[in-house]
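Chemist: Pasting a structure below so you can have a look.
The numbers here are math on the coordinates, done by the rules we state, and not lab data. In this text, all values refer to a predicted model and were calculated from it rather than measured experimentally. All Cβ positions, glycine included, derive from the backbone under ideal geometry; neighbour counts span all protein chains shown.
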Amino acid sequence: METVARLAKSPAAIVGLLLLFLVVAMALTAPLVFPRDPLGLAGRPLQWPFVNSRFWLGTDTTGRDIAAQIFHGARISLLIGIVATLLAITIGIVLGALAGYYGGLVDDVLMRITEAFQTLPNFLLLLVLVAVFGSDIKTVTIAIGLVSWPASARLTRAEFLTLRSREFVQASRTLGMRDVQIIFREILPNALPPVIVYASVIMATAILLESALAFLNLSDPNVPSWGNLIGTGRSVLRTQWYVSAIPGIVILLTVLAVSLVGQGLNDALNPRLKRR
Amino acid sequence: MSAILTIDSLTVALPPGADRPRALENVSLELHPNEILCVVGESGSGKSMTAGAILGLLPDGVQAIAGKILLEGQDLLTLDDAQMQQIRGARIGMIFQEPMTALNPLRTIGDQIGEMFETHTTLRSSEIRARVLDLLRDVHIPDPEAARRAYPHELSGGQRQRAMIAMALALEPRVLIADEPTTALDVTTQAQILKLIRELQQRKGTAVLFITHDFGVVAEIADRVAVMQKGLLVEEGPAIDVLNDPQHPYTRALIAAVPPLVPPPPQMTGSEIILRIEHVSKTYRKGGLLARHRRVTHAVKDANLVLPRGGTLGIVGESGSGKSTLARCMVRLLDPDQGSIRLGDTDLASLSRKEMRAATRRIQMVYQDPFASLNPRRKAGELVAQGPIIHGETRERALARAKELFALVGLDPDSTERYPHEFSGGQRQRIGLARALALGPEVLVADEPVSALDVSVQAQVLRLLADLRKRLGLSMVFITHDLRVAAQICDRIAVMKDGEVVEEGLTAEVFTAPRHPYTKALLASVPGRDWTPPVSPDAVLALADTREFAPQLL
């Protein structure tokens, strides 16, 4: 509760929350506002925005409604962002917690694996995964989650390293608690705040990664994602730049919203750091 | 004799939202040349704020709003930062509690002392080097030439504090402010440092403002005493008078809370042995794959101890003596390398992890740090109920039992729904105790359970422990570095040094006729050992009824 109250005091967080609320609202209302298939042909191709009142954001190269794609794309982008982030921080927390709590050999092995993932550029790894397993939207989401976990693993490990030597952890052991209980029910809640803050960074990156894939025509072409729309506009970038620019701006705003909320969360969860 | 430093009705304001509006309220003190004035008080009494105000080193948001601080007639409160810079070090020296954090780890001791001369004088570097060596010799550092070239981490705690004193006295200031300079040190080192401060003070005629929470230290070193409570100066006078005939009720309560060094008459314990520790050893290995890079530390060497049922065994020793390692071996937080730890007829040392988890119900531990030993994300009642729930009790019954335990350890049973941060240090220690008792253990291992507490709270927790022991027939292993505390609560005492038990016996025997030279040295180092606190009955009564006395102290 205290956290929520502090969050509401930060102007950056409020702007972020408002923007995020708009994106969520778009995602929720998409089937009501644009009941037709957003990928279906709607009219003459390449109409400029604010010219035809039926297509207020114009149409793309194949005559699909850009506004409809933006609304429906919000669902895809948010879905990818949330699912990939959940996957990434789950992997990261489990590996980081085990490495940090047990230390020694377990730590060495798990951290070498993490480093192996970290040294590869994650977009390159993503391309490989998509190339091997196909570019179905589910595969793409899972692949994004799989390349995004190392940083959260390191963060969780660092938290566990400091927390595990605290006396309350020893007290849990002398009460006869099992390791699993100690790790996930006693230590983890104390280690979560920085990981939750970092989750917002992962989410923003996940949305960007999907867009980047789509720009290279490597994402799922059968879903109306913002990235796909940018990819479509690539061929007409010099004349009809708005096809790419509109989804580009929407992505920018969404990523900004998520980052602002993350920043606000950081200040709210670590009030002492902010005062410095 | 006229005062060299005069504090005249000083009032210091805390930022809004603090627990009280004023850190100091109308405090007046005089410090005369060639005397040691001890400022005593518990945490939050404002004693360190007084030092901060004199030095112009108050924390952000804290400000002196009224009064004067006169150093030889000059009001320090009217000076700006640059002018204060000229005074700090040159005219007022400072010694802090933790020499490791007060020294720069990246520069040699000689460099840092020399800096005093570079900042405040125009001496040439060869002269500075000679002066630094003289100073190090003055503070009796063994091998001053080597110490000059050493980095802070290469010296022991006591030597670092000596270096700090050398630095503080470099420019022969007429006033020295020492803020708890011996609190972080072991008792034998503390005795040496106190002696050194006394010696230098007498030789140079310095006026020393000595801040401490420890009445033993006061008895050891003070000429005059000022007692502070919550920002007010409640009593001031010559040390002999204040120590032996305190006037203010707060001073009386504080002094009554100081455990006398004389053990009370021993209580009868049965001959049955409940915990028997035989040949326990624990070594720590560090570093490298190659044998020659490995460092082996023998934390505990072949320890043999017995605890009679219903008795209390004190394990005393200085830091690094292995007493905490031994305690952690008893509850199997650490696995001993050798030896057996027999609780009844079970050898705890040979149990598997799973068997030990079940055996935890028979032996429980109370921890030192009241802030780190409770999970901040769990409610107090839950923390106490956890143990029984793990061992198969239903949640409702465990929570109901937690309320009973809260009452048993002197906490409000309705406070089980609160989180640890809403309790004070002493209350948290009671929660830790309730948590350990919830499993109904046969043996309680208490690792320095009162060393993080203020003296009045410490007295209450000790009284509670003694009371519980009587009522529940608890057997207890009590780890402490404080011989006064050990004298009051332990039936038997084991003295540890460098991992070995050097002496073991009945408390009264160990205190009156110590056999091992180290035990003798320890006893001779207890500050204020020649002073027996006058126990005024009304003060003890006031402390016994703690709620009435001062609920904020709990």
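Chemist: Using the alpha carbons of the stretch B:1-87, what is the convex hull volume per residue in cubic angstrom, as a whole number? List each step's numbers first, then the result.
Modeler: On the way: hull volume 8.5 nm³, N = 87.
Each residue corresponds to 98 Å³ of Cα convex hull volume.
Chemist: Excluding residues fewer than 8 places away in the same chain, name every one of the lysines whose C-alpha is closer than 22 Å to that of B:LYS47.
Modeler: B:LYS68, B:LYS230
Chemist: What residue among A:ALA171, A:ALA13, A:ALA27 has the largest mean-square fluctuation in a Gaussian network model of chain A, using Cα springs under 10 Å?
Modeler: Top of the fluctuation ranking is A:ALA171.
Chemist: Taking the convex hull of the alpha carbon atoms in the stretch B:292-402, what volume per residue do you get, in Å³? All intermediate terms of the calculation are to be shown ahead of the outcome.
Modeler: Values: hull volume 19.4 nm³, N = 111.
Hull volume over Cα atoms, normalised by residue count, gives 174 Å³.
Chemist: Return the Cα extents of the stretch B:88-208 along principal axes one, two and three, sorted largest first, each rounded to a whole Å.
Modeler: Ordered largest first, the stretch B:88-208 gives principal extents of 39, 31, 22 Å.
Chemist: Moving on. First measure r as the distance between the Cβ atoms of A:ASP108 and B:VAL296, then evaluate 1/(1 + (r/R0)^6) with R0 = 30 Å and state the FRET efficiency to the nearest 0.05. The partial results should precede the final answer.
Modeler: Numbers: r = 22 Å, r/R0 = 0.73.
Efficiency, from the Cβ-Cβ distance: 0.85.
Chemist: Would you mind ranking B:TYR151, A:TYR242 by Cβ crowding within 10 Å, fewest neighbours first? All intermediate terms of the calculation are to be shown ahead of the outcome.
Modeler: On the way: B:TYR151 15, A:TYR242 21.
Listing B:TYR151, A:TYR242 from fewest to most nearby Cβ atoms yields B:TYR151, A:TYR242.
Chemist: Also, quick follow-up: Relative contact order for chain B: what percent, with Cα pairs under 8 Å and sequence separation of 6 or more? List each step's numbers first, then the result.
Modeler: Working: 1095 pairs, mean separation 86.8, N = 554.
Rounded, it is 16 percent for chain B.
Chemist: Looking at the protein assembly as shown, what % of its DSSP beta bridges pair antiparallel, to the nearest 5? Please list the in-between numbers first.
Modeler: Details: 45 of 82 bridges.
Roughly 55 percent of the DSSP beta bridges within the protein assembly as shown come out antiparallel.
Chemist: Just the C-alpha atoms of the protein assembly as shown: what Rg/Rh do they give, with Rh taken as the Kirkwood radius? Mind dumping the intermediate values first?
Modeler: Details: Rg = 33.4 Å, Rh = 31.5 Å.
Checking Rg against Rh, the ratio lands at 1.06.
Chemist: Something else now. What percent do you get for the relative contact order of chain A when only Cα pairs under 8 Å and 6+ apart count?
Modeler: Working: 415 pairs, mean separation 73.3, N = 276.
Averaging sequence separation for qualifying contacts and normalising by length gives 27 percent for chain A.
Chemist: Now, a different point. How many percent of Cα pairs in the stretch B:41-101 exceed 18 Å?
Modeler: Details: 708 of 1830 pairs.
So the portion of pairs separated by more than 18 Å is 39 percent.
Chemist: Still on this structure, I have one more. Between A:ASP136, A:ASP108, A:ASP220, which gets the highest mean-square fluctuation from a Gaussian network model of chain A, Cα cutoff 10 Å?
Modeler: A:ASP108
Chemist: Could I ask something else about it? Debye calculation, C-alpha points only, no solvent: report log10 I(q)/I(0) for chain A at q = 0.08 Å⁻¹, in the same order as the q values.
Modeler: Cα-only, vacuum Debye calculation for chain A: -0.41.
Chemist: So what's the convex hull volume per residue for the Cα atoms of the stretch A:1-118, in Å³?
Modeler: On the way: hull volume 21.8 nm³, N = 118.
Taking the convex hull of the Cα positions in the stretch A:1-118, it is 185 Å³ per residue.
Chemist: In the stretch A:155-259, which trypsin sites (Lys or Arg not before Pro) fall in coil by DSSP and have 12 or fewer other Cβ atoms within 10 Å? Write down the numbers at each step before the final one.
Modeler: Working: sites: A:ARG157, A:ARG164, A:ARG166, A:ARG173, A:ARG178, A:ARG185, A:ARG234, A:ARG238; in loops: A:ARG164, A:ARG166, A:ARG178, A:ARG238.
Those that pass, being in a loop and sparsely packed, are A:ARG238.
Chemist: Restricting things to alpha carbons, find the Rg to Rh ratio for chain B using the Kirkwood radius for Rh.
Modeler: Across chain B, the Cα-based Rg/Rh ratio is 0.99.
Chemist: By the gyration tensor of its Cα atoms, with a ≥ b ≥ c the square roots of the eigenvalues, what is the shape of the stretch B:212-315: rounded for a/c under 1.5, prolate for a/b over b/c, or oblate? Don't skip to the answer; put the middle values down first.
Modeler: Details: a/c = 4.13, a/b = 1.70, b/c = 2.42.
The shape class here is oblate.
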